[in-house]
């Protein structure tokens, strides 16, 4: 009995066969990959809301920008590629609201901006080509969005913060963060700083007189 016990006690444990070992490791690897992919989705929420790219000057970060308010936005009428934009001029509330506010209250879309129609007509023949659309003096983005909803990549330059807020609204409304990059800058042939003054004038004749006066003082002098 003692000898029998010694013989059984001296037996070595059997090792797994190479094939069974490979199958076991493969199964563990598949379980790990499945668990990791379930915990880390390929498209996390808001991952493409605002896309960061690198340029010689930093782009405007809409996520860190103060929110414009109030926000009155609507889709524009009579465009082959319609888009939404956020209104910046409300008119004189409540007596004389902007015409687009009146249209909105009547259930109508915003009136078609002329520049948006012109942009889409020019770009229609260029669809499918590589390149960039430069929107210099983007205002609230009516030209930028007209191009972006057609699939074009846009670099928009706008120095006025109130307009930049409206552009950020439009980027969200039209889901074009992967196409529109905004810069808080004016465009010039030289590097430097410039001061912008916000003037509230609703009369075209007054604006024209002001511009003539500024041009005269800048380039001719007294």
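The values are calculated or read from the model by the stated rules, or taken from the named source; none is laboratory data. All values derive from a computational prediction rather than experimental measurement. Cβ atoms come from the backbone with ideal geometry, glycine included; neighbour counts cover every protein chain shown.
Out of 116, 59, 65, 86, one residue alone is out of contact with any helix residue (DSSP H, G or I) (no Cβ under 7 Å at 6 or more places or on another chain) and surrounded by 12 or more Cβ atoms within 10 Å (Cβ to Cβ). It is 59. Per the listing 149, 136, the residue uniquely out of contact with any strand residue (DSSP E or B) (no Cβ under 8 Å at 6 or more places or on another chain) and modelled with pLDDT of 90 or more is 149. Number of residues in the range 159-179 that are touching a strand residue (DSSP E or B) at 6+ places or on another chain (Cβ under 7 Å) and buried (at least 19 other Cβ atoms within 10 Å of the Cβ): the value is 8. Among helices (runs of 4 or more DSSP H) entirely within the range 76-191, having at least 1 residues that are in contact (Cβ under 8 Å) with a residue 40 or more places away in the chain and over 26 Å from residue 58 (Cα atoms) singles out 114-124. The single condition from (1) buried (at least 18 other Cβ atoms within 10 Å of the Cβ); (2) touching a helix residue (DSSP H, G or I) at 6+ places or on another chain (Cβ under 7 Å) that residue 111 fails is (1).
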